[in-house]
1. If amide hydrogens are placed 1.01 Å from N in the peptide plane, which non-local residues have theirs closer than 5 Å to the one on LEU97?
2. Would you mind putting 41-51, 116-126, 56-66, 11-21 in packing order, based on average other-beta-carbon counts within 10 Å, highest first?
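None of the figures in this text is laboratory data; all of them are computed from the coordinates on show. Since this is a predicted model, take the numbers as computed values, not measurements. Counting neighbours? That spans all protein chains shown, and the Cβs are built from the backbone with ideal geometry, glycine included.
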Amino acid sequence: MTPALPPDPIRVLVVDDQELVRSGFCVILEAADGITVAGEAANGVQAVAAAQALAPDVVLMDIRMPEMDGLAATRLITGAGASTAAGAGAVPRVVMLTTFDLDAYVYDALRAGASGFLLKDAPRQDLIAAVRCAAAGDALLAPSVTRRLIEAFARRPPETLPAPSLLASLTGRERDILLLLARGRSNAEIAAELFVGEATVKTHVGHLLAKLQLRDRVQAVILAYETGTVLPGIAETPSQSTARLDNERR
């Protein structure tokens with residue numbers, strides 16, 4: 001029997017305008033199993049060019065940089081799927097790096113297509129976990145600010161709010177899970193709260209992301225806030241949220 005080939009390593013593009021910081025991230029990632037650094041960039045302009053040329057799986061993106069900041073670069077990278085070297089649909093996952101746990105750019109970056117963000121002073125294992133999580137199609141937010149960040153920036157009215165009717169295609173169970181995702185619950189916590197298996201939760205999450213044409217859990221959380229499915233600072237059960245939305249539509 002032919003032995004199974006090892007999976008391809010996760011290819012990461014590291015973007016930061018500080019060379020020492022960038023080099024430090026590269027050293028950590030190269031030492032991790034199953035991860036390789038595909039390239040480096042010192043600003044957003046270089047990052048966009050490198051993402052198109054190298055087609056990395058994950059981009060670690062600094063926010064504040066000269067020439068083009070990380071937010072603008074993220075918008076271009078996540079919208080450039082057809083032009084990447086790997087072909088149509090090969091859009092890299094972007095994980096934002098920030099020094100500040102409530103950076104004003106972060107919410108906009110998530111809306112622009114980033115799959116999460118991480119504080120620069122996070123432990124090295126969190127950096128590695130963020131890369132693996134993003135490459136697997138999931139999303140990671142710094143645990144210390146997950147709910148605080150989304151609730152703070154969800155209060156900012158975006159230029160265009162998605163219509164609540166976008167959620168009409170979801171089943172009752174999928175709406176319940178969306179609400180719990182927006183409350184920062186993990187799959188295991190959702191499973192325990194709804195008395196179902198964790199595999200069932202994963203299936204429902206996949207279905208709701210596909211129906212809403214969302215990239216990952218972070219985008220689902222943002223949509224939940226923007227459509228009023230969940231309100232900042234208000235704890236509701238799934239049934240309470242559904243009843244409130246029904247009353248608002250009457």
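1. Here the answer is MET61, ASP62, ILE63, LEU118, since their amide H atoms fall under 5 Å of that of LEU97.
2. Values: 41-51: 21.7, 116-126: 16.5, 56-66: 23.7, 11-21: 19.9.
Ranked by mean Cβ neighbours within 10 Å, highest first: 56-66, 41-51, 11-21, 116-126.
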